[in-house]
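So the structure is just underneath, and the comments pick up after that.
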2 protein chains.
Amino acid sequence: MTTTGDTRARILTAATELFRRQGYAATGMKQIVATAEAPYGSAYHFFPGGKAQLGEEVVRTSGAAYLALIGELFGEDAGTDPVEATREAFLGAAATLESLDFADPCPIATVALEVASTHEGLRRATAEVFASWIDALAGSYASRGIGSARATATSVIALLEGAFMLGRANRSPEPVLTAASAAAAIVAGALRN
Amino acid sequence: MTTTGDTRARILTAATELFRRQGYAATGMKQIVATAEAPYGSAYHFFPGGKAQLGEEVVRTSGAAYLALIGELFGEDAGTDPVEATREAFLGAAATLESLDFADPCPIATVALEVASTHEGLRRATAEVFASWIDALAGSYASRGIGSARATATSVIALLEGAFMLGRANRSPEPVLTAASAAAAIVAGALRN
């Protein structure tokens with residue numbers, strides 16, 4: 001049924017947006033269904049495991065969406081210069097940060113820090129999503145002649161996440177713009193080695 | 001009075017530890033005073049502004065402690081090679097991450113992401129602390145011949161924060177160890193320019 005699918009999708013979208021703006025712990029099921037304009041019972045109908053199940057699905061769904069984005073930005077059609085592709089990705093991310101009014105462009109970062117020591121299932125979901133991004137980026141780097149591709153990809157993803165943190169705290173895209181040059185330098189250094 | 005000072009300090013310490021392990025939103029005043037082994041009323045006696053006041057004080061107090069640590073690691077007595085000092089700082093941070101059983105070595109990171117879009121006073125406190133760290137590191141870099149010292153310091157702090165995020169999600173020091181080389185490369189690149 002279209003309506004059923006719509007309600008479920010609206011709940012997922014609302015939860016994703018609330019988590020990236022205010023985190024996991026501060027977000028209750030009530031606010032999620034209200035934001036989704038869904039009946040209260042529908043959240044537990046679609047997600048009988050409650051907020052933990054919804055949280056894990058948000059992490060995996062938005063993780064997959066970002067994996068696709070990495071494919072677009074760093075895939076075979078994305079030109080062959082990994083240094084410039086990396087710089088462009090950061091410049092785009094800075095614009096996204098601003099367009100989101102400094103909600104987190106990364107849909108799993110806040111949740112990842114909140115749950116790392118407290119919710120084992122959610123922690124694993126965030127770890128698997130981060131690993132999928134690093135694998136995809138490392139694959140692209142390796143195919144473009146970067147030797148230590150996985151280490152390079154790990155550092156580039158870490159730098160982006162940290163730059164989002166500083167940018168959000170400052171309500172400014174500047175840390176992400178600054179990090180664009182550093183990310184390009186990391187990749188350029190790995191290309192020479 | 002010694003006891004009064006002790007109770008206040010114990011509450012601050014307990015809040016700092018809980019925030020770095022489970023974040024701001026998930027931590028209630030009840031858990032803080034229980035962890036501090038303090039009477040419940042004492043939290044509001046010492047922090048009449050409640051959790052928001054306590055949160056801001058945690059951010060500023062632990063921010064100042066980390067500023068002192070940056071002074072130790074990158075001050076005039078810390079040798080003159082900024083590349084090696086940076087690498088050593090990351091290697092030490094990786095060990096700290098593990099020794100904390102993957103609670104956040106950064107005492108303000110989780111809070112910073114949680115409050116950036118929702119608690120203006122706390123957001124400002126985190127922004128000021130990040131700026132104080134970047135200023136201190138940039139000062140050290142500048143005195144050692146790095147031209148774009150502030151941009152370099154911003155990227156190094158961002159990389160460390162993001163590496164903590166990946167390390168916590170993975171329950172592994174490996175992302176921070178990996179980032180040590182990337183951080184050294186960023187600083188070495190800035191030294192050449």
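Any read-out appearing in this document is the output of simple, stated calculations on the displayed coordinates, not a laboratory observation. All figures in this text were calculated on a predicted structure; none of them were measured in a lab. When we count neighbours, we look across all protein chains shown, and the Cβ atoms used for this are built from the backbone with ideal geometry, even at glycine.
Once the piece of chain linking B:THR13 and B:TYR40 is laid out straight, how much longer is it, given 0.36 nm per residue of separation minus the C-alpha distance between them? Please list the in-between numbers first.
Working: separation 27, 0.36 × 27 = 9.72 nm, distance 1.55 nm.
Extending this stretch completely gives an extra 8.2 nm.
Across all directions, the average projected area of the convex hull around the alpha carbons of the range B:52-192 is 7.9 nm². Here is how the number arises for chain A: DSSP H runs of 4 or more residues each give -39500 (n - 2.57), the sum is divided by the residue count, and the result at 222 nm is -26000 deg cm²/dmol.
Sorted by packing (mean other beta-carbon atoms within 10 Å per residue), highest first, where do B:165-175, A:129-139 land?
Working: B:165-175: 23.0, A:129-139: 20.5.
Answer by packing, highest mean first, reads B:165-175, A:129-139.
Here the 3J(HN,Hα) profile of the range A:86-103, calculated from phi with Karplus coefficients 6.51, -1.76 and 1.60 at θ = phi - 60°, is 5, 4, 4, 4, 5, 5, x, 5, 5, 5, 5, 3, 5, 5, 8, 6, 6, 5 Hz, Gly and Pro shown as x. Extending 7 Å from Cα along the Cβ direction at B:ARG171 and again at B:GLU98 yields two label points whose distance is 1.5 nm.
The phi-based Karplus calculation (6.51 cos²θ - 1.76 cosθ + 1.60; θ = phi - 60°) puts the 3J(HN,Hα) values of the range A:21-30 at 9, 10, x, 7, 5, 7, 9, x, 4, 4 Hz, whole numbers, x for Gly and Pro. Proximity of backbone amide H atoms, modeled 1.01 Å from N, is registered between B:ALA25 and no other residue at under 5 Å, excluding neighbours fewer than 5 places apart on the same chain. Mean partner shielding of peptide B:182-192, defined as the number of other chain Cβ atoms within 10 Å of each residue Cβ, is 5. The fraction of all Cα pairs in the protein assembly as shown landing in successive 10 Å bins from 0 to the largest distance is 5, 23, 32, 25, 11, 3, 0, given as whole percents. Partner shielding of A:121-127 amounts to 3, given as the average count of beta-carbon atoms from other chains within 10 Å of each residue beta-carbon. Mean partner shielding of peptide A:13-23, defined as the number of other chain Cβ atoms within 10 Å of each residue Cβ, is 2.
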